[in-house]
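Computed from the coordinates by the stated procedures, all read-outs in this text should not be read as laboratory data. Note that the structure is predicted; figures quoted are calculated from it, not measured. Cβ coordinates were reconstructed from backbone atoms using ideal geometry, including for glycine residues, and neighbour counts include every protein chain displayed.
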Amino acid sequence: MSDLTKLTLAQTRDAMRKGDTSSAEVTGAYSKEVEASGALNAYVEGTLNIAADQAKAADQRIAEGDAPDMCGIPLGIKDLFCTKGVKSQAASGILDGFKPEYESTVTSKLFDAGAVMLGKLNMDEFAMGSSNETSVYGNVVNPWKVDDRDLTPGGSSGGSAAAVAADLCVAATGTDTGGSIRQPAAFTGITGIKPTYGRVSRWGIVAFASSLDQAGPMTKDVRDAAIMLEAMCGHDPKDSTSADLPVPNFEAALTGDIKGKTIGIPKEYRMDGMSAEIEKLWSDGTEMLKDAGAEIKDISLPHTKYALPAYYVIAPAEASSNLARYDGVRFGHRAKLDAGDGITEMYEKTRAEGFGAEVQRRVMVGTYVLSAGFYDAYYNRARKVRALIKQDFEKVFADGVDAILTPATPSAAFGLGENMDPIQMYLNDVFTVTVNLAGLPGIAIPAGLDASGLPLGLQLIGRPWEEGDLLNVAYSLERAAGFVAKPDKWW
Amino acid sequence: MSIDTETARRVAKLARIKVEDDALPALAQEFSAILGFIEQLNEVDVDGVEPMTSVTPQRLKRREDVVTDGDQQPKVLANAPDSREGFFAVPKVVE
């Protein structure tokens, strides 16, 4: 078969089952693409030997006739996931050379289902960033290009997004704390879903902000997202926040029938200065859902404006606590000490050398908002605002709204190095961060191109635990939008 | 709220991150900008609102209080920058 790397996950699965191709053949085709993709800097560690062995085992299982959907599918794994015996650094210098002795629950589930690992994918350091410019491995470059500039793939799952968009893997794992799956998916013209908080085990995923972090799939289309999400979900005794709920067959939920569903359009997401292109994308998407038989309802989520400032208290606070473990004692980097240096100097020098500027900034902001005298004014106030943001959503869901349609990002991908002010960078997550604060499922799908030819995404937000319904609405929108554009290969 | 260099120094110390003296003014300025952004939260009426402790209303699972793991000393120490005789090694802590 030709063009094996252009197939979706579902097509690859079906072709393998029919005997039209094998995992070994598909894995071989992707391995060639991975080896030739250095200019994108999406992969930070290739595991092509492991992939070849996994592919062989997968073909055996497929031949025996009881292989799960993910069996034989070559994946890229975000560097935030601990993979046994394979360097896992969260793209940070402080985890220099760290090779976990254990496998994260998500990657265990995927590999147990027969999936193949092509390598580890680049990301913003500790998932802190929206442009993939904070990685110790350097920037990821977006495969989409419209002039001589190198564009950001978004972040923090920038390597995952670039790899899927450039056909360097069938699909990839991502994680999303404030938009880190959905924003890069939108910037690269792919699909990414963040499930309900608690759907996917966080065990073995390097922690950033534990009350917000969720893993999810980044894929070529909605069907692929449904298939891979199902394989990642499920209760895990090793994550006390993972939900003990049955995992539905998400692919079976994709009927495309959304007649009678109510789609909310939140007025607070119509930001001052929103570009005409984004505005049009949003209203076109609304029309498509209406044409498919959904009822459109104007809704209000009054605390939306306060989501980003609340996030930039809560996420750094949790990060400062989670990242306290990087002390140069148990794993990773330890600074060279001078004569007379004690343990405090060891901590301080190790952390100054090992953490990049954005991580240092967030750890210190988090330390400040948790410090004596400021805890109530900042941290507790932010947690109260978070409760109000969640109530906003609960009210509209109680009023019969099934899903909410918003833009995924305020703009298309911007140039690397163009957006250096931290607060301007934070504004990238303005449409996605509310979803993490409320613990809801959210999906970004490509819905059009801007005037320069770059992809733009729409976001759908669902009710808690109803990823199946959400995926079905996304599937209906995907079919109506008919987005098929791919980046021209220049790398 | 404006953060002075002394506060920046104190926060860096609390976070155990070494920041050179000449980098403190810029750091203080960055903190001021970020905290200025966060100050918007003061506009919200939060009277009578409980701070969120769990985003999903679930009771944490209980289990028997028994040892479920262990006997993995070599694995625990495998990634240590400095380990000796089955321990993590650090600079002298007690004089």
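Things to note:
Every residue, every condition in (1) closer than 22 Å to A:Pro153 by Cβ; (2) in contact with a Cys (Cβ under 7 Å, 6 or more places away or on another chain), yes or no:
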site: A:Ala24; (1), (2): no, no
site: A:Tyr30; (1), (2): yes, yes
site: A:Gly38; (1), (2): yes, no
site: A:Ala52; (1), (2): no, no
site: A:Ala55; (1), (2): no, no
site: A:Asp69; (1), (2): no, no
site: A:Pro74; (1), (2): yes, yes
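- For the range A:106-132, a residue qualifies if it is basic (Lys, Arg) and over 20 Å from A:Gly93 (Cβ atoms), and exactly one does: A:Lys109.
- Assessment of the range A:215-232 against the conditions (closer than 25 Å to A:Ala161 by Cβ and free of Cβ contacts under 8 Å to residues at least 60 places away in the same chain) yields at least one matching residue.
- Looking only at the range A:301-327, and only at residues there that are in contact (Cβ under 8 Å) with a residue 60 or more places away in the chain and small (Gly, Ala, Ser), the one that is nearest to the other protein chains (Cβ to nearest Cβ): A:Ala310
- Cβ separations smaller than 7 Å between residues 6+ apart or across chains give the following pairs from the range A:480-491 residues that are within 15 Å of A:Met288 (Cβ to Cβ) to residues that are aliphatic (A, V, I, L, M): A:Ala480/A:Met288; A:Ala480/A:Ala292; A:Ala481/A:Met288; A:Ala481/A:Ala447; A:Phe483/A:Ala447.
- Enumerated helices (runs of 4 or more DSSP H) restricted to the range A:293-400, each holding at least 3 residues that are over 24 Å from the mean Cα position of the chain (by Cα) and acidic (Asp, Glu): A:343-354
- Test set (1) farther than 30 Å from A:Lys261 by Cα; (2) out of contact with any Ser or Thr (no Cβ under 9 Å at 6 or more places or on another chain); (3) more than 9 Å from every other protein chain (Cβ to nearest Cβ) - A:Val359 fails condition number: (2)
- Looking only at residues of the range A:67-97 that are more than 18 Å from the chain's Cα centre (by Cα) and acidic (Asp, Glu), we find that the one that is surrounded by the fewest Cβ atoms within 10 Å (Cβ to Cβ) is A:Asp96.
- Inside the range B:75-95, residues that are more than 7 Å from chain A (Cβ to nearest Cβ), surrounded by 10 or more Cβ atoms within 10 Å (Cβ to Cβ) and not in a loop (DSSP other than H, G, I, E, B) make up a count of 4.
- Checking each residue in the range A:10-38 for being among the acidic types (Asp, Glu) and either over 17 Å from A:Thr219 (Cβ atoms) or touching a helix residue (DSSP H, G or I) at 6+ places or on another chain (Cβ under 6 Å) (or both) picks out A:Asp20, A:Glu25, A:Glu33, A:Glu35.
- Residue within the range B:47-69 that is part of a loop (DSSP other than H, G, I, E, B) and within 30 Å of B:Glu6 (Cα to Cα) present: no
- Residue check, A:Glu251 away from every other protein chain (no Cβ under 14 Å) and closer than 29 Å to A:Gly204 by Cα: yes
- Residue in the range A:433-447 that is more than 20 Å from A:Ser210 (Cα to Cα), touching a residue at least 60 places away in the same chain (Cβ under 8 Å) and in contact with an Asp or Glu (Cβ under 7 Å, 6 or more places away or on another chain) present: yes
- Criterion: assigned to a loop (DSSP other than H, G, I, E, B) and either more than 24 Å from B:Asn79 (Cα to Cα) or without any contact (Cβ under 8 Å) to a residue 60 or more places away in the chain (or both) - qualifying residue of A:Gly179, A:Gly174, A:Gly97, A:Gly159: A:Gly179
- Only one of the numbered conditions (1) within 22 Å of A:Leu456 (Cα to Cα); (2) small (Gly, Ala, Ser); (3) in a helix (DSSP H, G or I) is violated by A:Ala252, and that is (1).
- Residues that are over 20 Å from the mean Cα position of the chain (by Cα) and in contact (Cβ under 8 Å) with a residue 24 or more places away in the chain, drawn from the range A:100-113: A:Pro100, A:Tyr102, A:Ala113
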